Amino acid sequence: MDEITWKRSIARRQRRIQRQRRFFVLALIAAIGIAMSVWYVFFYMRTPEYALKEVQTSIEKRDSETFARYVNLDLLTSQAYDDLTRDLFAYDATLTPKTRVLFEKFYILVKPELTRGTQEAILRRVSSGLWTLPDGLDILKGHQLGIDFERFLARTQLRNTTLVSVGSITHEGTTATADVNIKEDDTDTSFTLVVVLEEAEDGHWQVAYIKNYRNYLDTISPLVNDDIASYIDATKPIVDEYNATFASQKATFASMNKTSDGRLSKKQREKIADFLEEDVLPALKKRQAKLDEIDVPQGAGYLARQRQKSTEITISAWQHYIRGLREDKPREFDTAETLMKQELAIDLRVDDIIHHTAVSKNIPNPP
């Protein structure tokens, strides 16, 4: 064998070895990829860790379908409802034992409707990033039945709770518990929820319920109630002053609307419109301006916003009413009436918050 042939033979062997090495590396990478895929699909995707990761990702990507797959909303909202409404009236001394029992039975009766509404509100929050009331729950009608869903949702603390991180996860057969670190935004309070996950029939895991949700409520409520009580005390002189003003204006308004045949004359309409523009609207604006000057404690932010919203809607309602008087347009009166109904619902909510805060002073602080 000459030198050239020998070199060519060596080169062929080297190329063959290189091809074998490349094939081995590719085969190894493929095997690792297959193993990882098998592990991911048949193991990791069937773990509580994966379920919690999907819940977090679905919120970030506004994917309500994935969220609903990895959260058992029926069980979660049912358990949370029981925690929220337990002992709801226990410290209300204004209720007789009979009335208290009736209230408790009523909350059991409306549980399906309120949990359904909560589920819809949660899914809307995931898909849109906003908290909106569910369809079919008229707030005024609901309040007449003893239900104010807006107020109910506020009591859940859902809207002002921020997920911070997921901590340790403990496996216990077909159940698991995870420490979920959160923060209550209004009072800037950190808390760790103990979230229970359960394995579904098809093998994927779901968030089932929150083991210490009631403890979370018991931690936050006294802080919020203290802030609300301080805010109520600070604003009481303003509220009392303008309540007297509004009562006087209401009497004047009723007197100006008196007629012999039920129909207002043009002169009456003009006088009423002038009265609303020159007296009622300025009083509403001055009251709100004085309230806005008061420092609002963090936990009382919801009450302050409800008062502000009530003022804005009332002003808007009277403006439509004034246009109805001056331009003789029935549709303006209809709009004003609709807005007044909304304002009434908010006022009832404000009264409920104040009453609840007064009752809460009798509640002993949790140990």
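Things worth noting here:
- Annotation: of all residues in the range 244-269 being surrounded by fewer than 12 Cβ atoms within 10 Å (Cβ to Cβ) and among the basic types (Lys, Arg), the one that is nearest to residue 324 (Cα to Cα) is 266.
- Within the range 190-217, the set of residues being within 18 Å of the chain's Cα centre (by Cα) and more than 17 Å from residue 159 (Cα to Cα) comprises just one member, 209.
For (1) more than 39 Å from the chain's Cα centre (by Cα); (2) assigned to a loop (DSSP other than H, G, I, E, B); (3) of a type in the set (Ser, Thr, Tyr), each residue gets a yes or a no:
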site: 261; (1), (2), (3): yes, yes, no
site: 267; (1), (2), (3): yes, no, no
site: 274; (1), (2), (3): yes, no, no
site: 280; (1), (2), (3): no, no, no
site: 283; (1), (2), (3): no, no, no
site: 287; (1), (2), (3): no, no, no
site: 295; (1), (2), (3): no, yes, no
site: 301; (1), (2), (3): no, no, no
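- Against the numbered list (1) at pLDDT below 75; (2) open to solvent by 80 Å² or more (accessible area, probe 1.4 Å); (3) among the hydrophobic types (A, V, I, L, M, F, W, C), residue 89 comes up short only at (2).
- Checked against the criterion of being open to solvent by 40 Å² or more (accessible area, probe 1.4 Å), at pLDDT below 90, among the β-branched types (Val, Ile, Thr) and outside any loop (DSSP other than H, G, I, E, B), the range 37-55 contains one or more residues that satisfy it.
- Test: residue 273 is out of contact with any helix residue (DSSP H, G or I) (no Cβ under 7 Å at 6 or more places or on another chain) and under 25 Å from residue 316 (Cα atoms): no
- Residue match in the range 343-351 (condition: assigned to a helix (DSSP H, G or I) and either at positive phi or over 28 Å from the mean Cα position of the chain (by Cα) (or both)): no
- Residue 239 of a type in the set (Val, Ile, Thr) and in a strand (DSSP E or B): no
- Options 121, 68: the member that is small (Gly, Ala, Ser), under 29 Å from residue 310 (Cβ atoms), part of a helix (DSSP H, G or I) and modelled with pLDDT of 75 or more: 121
- Considering (1) open to solvent by 30 Å² or more (accessible area, probe 1.4 Å); (2) of a type outside the set (Asp, Glu); (3) modelled with pLDDT of 90 or more; (4) not in a helix (DSSP H, G or I), the lone condition that residue 219 does not fulfil carries the number (4).
- Among the criteria (1) modelled with pLDDT under 90; (2) in contact with a strand residue (DSSP E or B) (Cβ under 6 Å, 6 or more places away or on another chain); (3) buried (at least 16 other Cβ atoms within 10 Å of the Cβ), the one residue 139 does not fulfil is (2).
- Condition met for residue 144 (modelled with pLDDT of 90 or more and of a type outside the set (D, E, K, R)): no
- Looking across the range 290-335, the residues that are of a type outside the set (Val, Ile, Thr), open to solvent by 50 Å² or more (accessible area, probe 1.4 Å) and within 19 Å of residue 238 (Cβ to Cβ) come down to 290, 292, 293, 295, 305, 308, 309, 312.
- Here residue 305 passes the criteria (1) touching a residue at least 24 places away in the same chain (Cβ under 8 Å); (2) charged (D, E, K, R); (3) closer than 27 Å to residue 224 by Cα except the one numbered (1).
- When the strands (runs of 3 or more DSSP E) confined to the range 166-214 are screened for residues that are open to solvent by 60 Å² or more (accessible area, probe 1.4 Å), those reaching at least 3 such residues are found at 189-199.
The values are calculated or read from the model by the stated rules, or taken from the named source; none is laboratory data. Quick caveat, the model's predicted, so the values are computed rather than measured. Using ideal geometry, Cβ is built from the backbone for each residue, glycine included, and neighbour counts are taken over all protein chains shown. For accessibility, only protein heavy atoms count, side chains too; no ligands or nucleic acids. Shrake-Rupley method; radii C 1.70, N 1.55, O 1.52, S 1.80 Å.
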